[in-house]
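Remarks on the structure that follows.
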Amino acid sequence: MADSPLRLLLVEDNPLHSRLIQQLLKEDAQLRCEVEAVATLAEGLTRLVKGRIDLVLLDLVLPDSQELETLWRVRLVAPQVPVVILTGLDDLQLATRAVESGASDYLVKSNLKGAALGRTVRYTLARARVRGGEWDSPLFRQAQQQFLKAAQVMALDDGLRQRLLFPQRARLVTFPFRRDDHHQAETLFGYRVQHLRLPGPTLGGVRLHPELGLGEMAALAMWATWQCALLGLPCGGAKGGVRVDPTALDPGERQRLLRAFARELRDDLADGRDILAPGLGVDERAMAWLLDEGLSVSGKPALLGGLPRRQAAIGAGLVALIAAAAEHLGIALGGARVVLQGLGQVGLAAARQLVARGVRLIAVGDASAARQDPAGLDLAALEAHLASRGALAGFAGGEPLDDGDLLSLPCDILVLAAVQQQVTAENAPRVNCRLLAEGAHGPTLLEAEESLHEREVFVLPDILGNAAGAGLAYLEWAQGARPWERESALAWLEARLLDAFRRCLGRVESEGLDMRTAALVEALLRLEGQARLRGQLDDSPD
């Protein structure tokens, strides 16, 4: 039996636009659909309550509802149904805010063509299907919403927009693994997601985590693409790893697991088109094992051609950007109050260099505890405690601080170097800093950005703030096994980072964008230019 046609709900009060959209959908040979058209939100909500609607095409300005309230009411009734916003040229900012609030995509009514309309409907439905199960991830939705906002601002080519919304390739593998103290093997899941292969080989980290999934890998691979483009690297973004708790593995088990993962992916990755880098639970020793399995890797031990003290170099890149942002804001680092969330290698490396520049580290926190001292915490004592205990809990320096109060502590610079989704719409109004530096992936939700922007909190976005890792990974790979000159490598990296910072800041000042959107626009302009030169855009010359 043939598949049933798709059921689309069109909510549009302009009869001319309504008839045009229905005609264009009818003429699309690749789209079998039935369109139900209504002119008011009340009629639309009544129809949605009955169910069996696959997608909503929604005008936000209706006789009985205006602007974002229209979208909110639709999502309240049918939160799982994807919504494509219909907008005019004078409502593009409203369309952007709608995407931030959960709309799947937008279309400019004056630019409607059959191919673009049908393609948007098909791609939106395809994305909605795969977001279930393995692909379902708040982090991936966050990355896509950030991208769609920037794509709208710069009027990105529609075909390229659809290409970049989803990874180009994703590989899921399973393999049996037996732990030393188990008689039976278990099945582990491994992933490698390549977001974009257009610029050249893909590049990105490998991680071990018990909650790892394709959606999270897709988000991280997408952000890696933007980082490579911002730094002018001839690479696209990638990410991968194994769903396993690394703390439950002894060194021998870890090696066997990573070698098994590499063998499963060898046929896909051994052609030099994908460069693996260290990530959570995967250090330079592990990269040596992956190298031995025939994969292209960076982050190797120095003896095998890697960069000595790589994490310190990544921290140095973050601090160089913090210093540039502080100078722009008129913040003198000498005596500046700094709050640090995250005490991993990058966070501690950044803390060392910031303290060396004269800042006061007035509070720190990790998953176990938070501590504060207005006069400045003793960093040497803190590092000694972490070396012996592995976590902040039990540290005697300073005074205890509720974890929820760490981000609202008054300070000049807040450094987020822990995990994603820390600044939300709920706590963003309480963030009390002038400069928020993102050293982690995705620590600030899109719905929190507006509050920060209104209060003139300068956000150094993650796609720039932690881009040093991508830069170092590329440089190590490009140099091959030749000996490193550490100082020249650091100088090269800092120059790339600061050039990207200045370009983004210039766009902020000339176009009134927030720093994250400016950085995304900079990255997307480079990718769009590359696609045009390759003849991959509709307007590319023959």
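Each reported figure results from applying straightforward, stated rules to the coordinates on display, with no laboratory input. Just so it is clear, the structure is predicted and the values come from calculations on it, not from any experiment. When we count neighbours, we look across all protein chains shown, and the Cβ atoms used for this are built from the backbone with ideal geometry, even at glycine.
How large are Rg and Dmax for the stretch 46-113 when only the alpha carbon atoms are used, in Å?
Considering the stretch 46-113 through its Cα atoms, Rg and Dmax are 11.5, 33 Å.
Could you give log10 I(q)/I(0) at q = 0.18, 0.26 Å⁻¹ for the stretch 184-263, computed by the Debye formula over C-alpha point scatterers of equal weight, without solvent?
With no solvent term, the Cα-only Debye profile gives -0.73, -1.12.
Please report the spacing between the Cα centers of the stretch 308-371 and the stretch 373-447 in Å, no decimals.
What the calculation gives is 11 Å, centre to centre.
What are the equivalent ellipsoid semi-axes of the chain, built from the alpha-carbon gyration tensor (square roots of five times its eigenvalues), in whole angstrom, biggest first?
Computed over the chain, the values are 41, 28, 23 Å.
For H441, H195, which order do you get if you count the other beta carbons within 10 Å of each Cβ and list the fewest first?
Details: H441 22, H195 30.
Listed from fewest to most nearby Cβ atoms, that is H441, H195.
How many angstrom lie between the Cα centre of the stretch 234-259 and the Cα centre of the stretch 21-53?
46 Å
Hey, what did the chain get for relative contact order, percent, Cα under 8 Å, at least 6 apart?
Values: 1011 pairs, mean separation 59.4, N = 542.
Averaging sequence separation for qualifying contacts and normalising by length gives 11 percent for the chain.
With +1 on each Lys and Arg Cβ and -1 on each Asp and Glu Cβ, and nothing else charged, work out how big the dipole of the chain is about its Cα centre, in Debye to the nearest 20. Let's see the in-between values first.
Numbers: 59 positive and 69 negative charges, 251 e Å.
The dipole magnitude comes to about 1200 debye.
Can you sort I21, I53, I463, I322 by how many other beta carbons sit within 10 Å, fewest first?
Least crowded to most crowded, the residues run I53, I21, I322, I463.
Using only alpha carbon pairs under 8 Å that are at least six residues apart, calculate the relative contact order of the stretch 169-306 and give it in whole percent.
On the way: 284 pairs, mean separation 33.7, N = 138.
Taking the mean separation of contacting Cα pairs over the length of the stretch 169-306, I get 24 percent.
State which helices in the chain qualify, where a helix is a whole DSSP H run, it must extend 30 Å or more along its own axis by its Cα atoms, and its mean Kyte-Doolittle hydropathy must be at least -1.0. Can you show the working numbers first?
On the way: long enough: 486-511 (37 Å, -0.28).
Helices meeting the span and hydropathy rule in the chain are 486-511.
Full extension from A185 to A495: what is 0.36 nm times the residue separation minus their Cα-Cα distance, to one decimal in nm?
My answer for the length gained is 106.7 nm.
Cross-link partners among aspartates and glutamates for K113, C-alpha distance below 12 Å, same-chain residues fewer than 8 apart left out?
Hits, sequence-local ones excluded: E27, D28, D158.
Given the convex hull over the Cα atoms of the stretch 6-130, what projected area results after averaging over all orientations, in nm²?
About 6.7 nm², averaged over all directions.
Pulled fully out, how much extra length does the chain show between S510 and Q536, if you take 0.36 nm times their separation in residues and subtract their Cα-Cα distance?
Stretched fully, the S510-Q536 segment lengthens by 6.4 nm.
Give, in nm to one decimal, the length gained when the segment between R273 and D405 is fully stretched (0.36 nm per residue of separation minus the Cα-Cα distance).
43.0 nm
Fewest first, what order do T87, T424 take by the number of other Cβ atoms within 10 Å?
With the sparsest Cβ surroundings first, the list reads T424, T87.
By a straight-distance test (C-alpha under 21 Å), which lysines pair with K109 as possible cross-link partners, with residues fewer than eight away in the same chain excluded?
Counting by Cα, and skipping residues close in sequence, K109 has these lysines nearby: K26, K149.
Give me the base-10 log of I(q)/I(0) for the stretch 433-542 at each q in 0.16, 0.23, 0.24 Å⁻¹, Debye formula, one uniform scatterer per Cα, rounded to two decimals.
Relative scattering, expressed as log10 I(q)/I(0), comes to -0.88, -1.22, -1.27.
K300: which aspartates and glutamates have alpha carbons under 14 Å from its alpha carbon, excluding same-chain residues fewer than 8 sequence positions away?
Within the straight-line cut-off, K300 pairs with D283, E284, D292, E476.
For the stretch 279-381, report the % of Cα-Cα distances exceeding 21 Å.
Tail of the P(r) past 21 Å holds 46 percent of the pairs.
Output the Cα-based Rg and Dmax of the stretch 169-306 in Å, rounding Rg to one decimal and Dmax to a whole number.
Rg, Dmax (Cα atoms, Å): 14.4, 50.
Per 10 Å bin from zero, what fraction in whole % of the C-alpha pairs of the stretch 355-410 is there, up to the bin with the longest pair?
25, 57, 19, 0
Per DSSP helix of 4 or more residues, -39500 (n - 2.57); summed, then divided by the residues of the chain. What does that give at 222 nm, rounded to the nearest 500?
-14000 deg cm²/dmol
Simple spin-label model, 7 Å along Cα-to-Cβ: A387 to S110 in nm?
6.5 nm
Which order do the peptides 516-525, 278-287 take when ranked by the mean count of other beta-carbon atoms within 10 Å per residue, highest first?
516-525, 278-287
Can you give the Rg and Dmax of the stretch 394-461 based on its C-alpha atoms, in angstrom?
12.0, 38
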